[in-house]
1. Which residues, taken from region 17-52, are within 27 Å of Thr86 (Cα to Cα), over 10 Å from the mean Cα position of the chain (by Cα) and of a type outside the set (Val, Ile, Thr)?
2. Looking at the structure I just gave you, is Phe72 among the aromatic types (Phe, Trp, Tyr), crowded, with 19+ Cβ neighbours inside 10 Å and more than 14 Å from Pro113 (Cα to Cα)?
3. Tell me which of these Ile154 doesn't satisfy, since it passes every other one: (1) in contact with a Ser or Thr (Cβ under 9 Å, 6 or more places away or on another chain); (2) farther than 16 Å from Arg58 by Cα; (3) buried (at least 18 other Cβ atoms within 10 Å of the Cβ).
4. Considering only region 94-213, give the strands (runs of 3 or more DSSP E) lying wholly within it that have at least 2 residues that are β-branched (Val, Ile, Thr).
5. Residues of region 41-85 being in a helix (DSSP H, G or I), charged (D, E, K, R) and either within 18 Å of Pro159 (Cβ to Cβ) or free of Cβ contacts under 8 Å to residues at least 12 places away in the same chain (or both), which ones?
6. Looking at (1) in contact with a Leu (Cβ under 9 Å, 6 or more places away or on another chain); (2) farther than 21 Å from Trp244 by Cα; (3) outside the structural domain of Ile76 (by TED's automatic domain parsing), which is the only condition Val190 fails?
7. Between a first residue in region 175-190 that is at negative phi and of a type in the set (Gly, Ala, Ser) and a second residue that is outside any helix (DSSP H, G or I) and modelled with pLDDT under 75, which pairs have beta carbons less than 8 Å apart while being 6 or more apart in sequence or on different chains?
8. Among (1) modelled with pLDDT under 90; (2) in contact with a Leu (Cβ under 9 Å, 6 or more places away or on another chain); (3) among the charged types (D, E, K, R), which single condition is Arg44 missing?
Amino acid sequence: MALNLEDIAGHPALHRGVRAQSLALIQIYEATPRLASVFASQQRWLMAHVGLALHFRRDPRDHHTELTVTRFMAAIRQNSVGSRNTADAFIKEMLHYHIVEYLPTTGDGRARPFQVTAATLKAFTGWVVAHLRTLDSLDGGSRLAMFLERPDMIAKLQPLVADGLLSSNPVREPKQTFSLFIWLNNGGIVMDWLMSGIDPDHAGLDRIPTSVVSIGDMASWLKLSRTHLARKLRDAEALGSVGWLGSRGHSVMWVSNQFYQEYMTVQAAKLAIVEAAYQACFPTTEE
């Protein structure tokens with residue numbers, strides 16, 4: 001049975017499912033930090049999804065559909081994700097770190113088509129697996145098992161996910177504190193780290209304890225500037241969104257209930273998008 005946004009957002013098991021999902025995403029980051037960092041800030045995350053969708057929507061019989069810098073830039077501008085310069089810099093970084101790779105040139109050689117590498121596809125598959133597992137935890141479904149039987153369906157599923165993300169207001173324009181972090185490099189992982197340490201039984205508290213004590217340890221693990229991370233956390237503290245149960249740096253950090261709900265709202269919206277894409281790919285699984 002398909003779940004809609006209201007089903008997901010109001011499900012009592014969502015908090016535990018999202019916590020497990022956050023831990024899974026952190027494990028992906030630990031295994032492939034350079035690659036995972038592409039998906040850890042809002043703009044880069046959306047650009048990556050645009051690129052993946054173009055990759056999967058290629059028609060091998062039509063060279064006009066190949067993934068090129070020109071087509072990527074056009075898609076980024078069309079979807080208001082970033083500027084031409086931002087898109088160009090992103091592609092150059094992806095090529096440098098072998099997240100994408102050039103294909104052998106054909107024709108007149110002026111166009112330089114490229115494709116997503118196998119390692120990148122493997123990591124993104126882990127992202128899909130994490131979200132399908134969360135959806136299964138809500139209704140006891142078998143989405144993940146079905147997907148693992150047909151992993152080739154990622155070529156149809158991901159572009160639908162990308163379309164959903166690009167048209168989702170809750171995802172693209174999240175509120176207050178969530179918005180503060182999404183423009184930070186690895187900001188998504190910062191929030192996953194904070195939220196993964198929350199006991200779901202504490203979700204109703206005004207100030208919800210996390211497992212974070214040391215900003216320095218957190219910055220080091222995330223390969224972020226401690227100064228930059230501390231500045232963002234102070235901005236969040238000024239909003240009343242984070243704080244410490246005791247003295248700063250010597251006690252557990254808490255997040256406000258409002259910040260926690262902002263995070264859960266975005267996760268529910270994202271899961272609803274993944275669910276809709278899954279149902280389009282595996283319609284026979286609906287009861």
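The values are calculated or read from the model by the stated rules, or taken from the named source; none is laboratory data. This structure is a prediction, so every number in the text was calculated from the model and none was measured. Neighbour counts run over all protein chains shown; Cβ positions are idealised from the backbone, glycine included.
1. Of all residues in region 17-52, those within 27 Å of Thr86 (Cα to Cα) come to 25-26, 28-52.
Next cut, over 10 Å from the mean Cα position of the chain (by Cα) only: 26, 28-35, 43, 47, 50-52.
Hits for region 17-52 are Tyr29, Glu30, Ala31, Pro33, Arg34, Leu35, Gln43, Met47, Gly51, Leu52.
2. no
3. The one condition Ile154 does not meet is (2).
4. Details: elements: 100-102, 114-116, 207-209.
In region 94-213, no matching strands (runs of 3 or more DSSP E) lie anywhere.
5. Arg71, Arg77, Arg84
6. The number of the failed condition is (2).
7. Pairs found: Gly187/Ala40; Gly187/Ser41; Gly188/Ala40; Gly188/Ser41.
8. (2)
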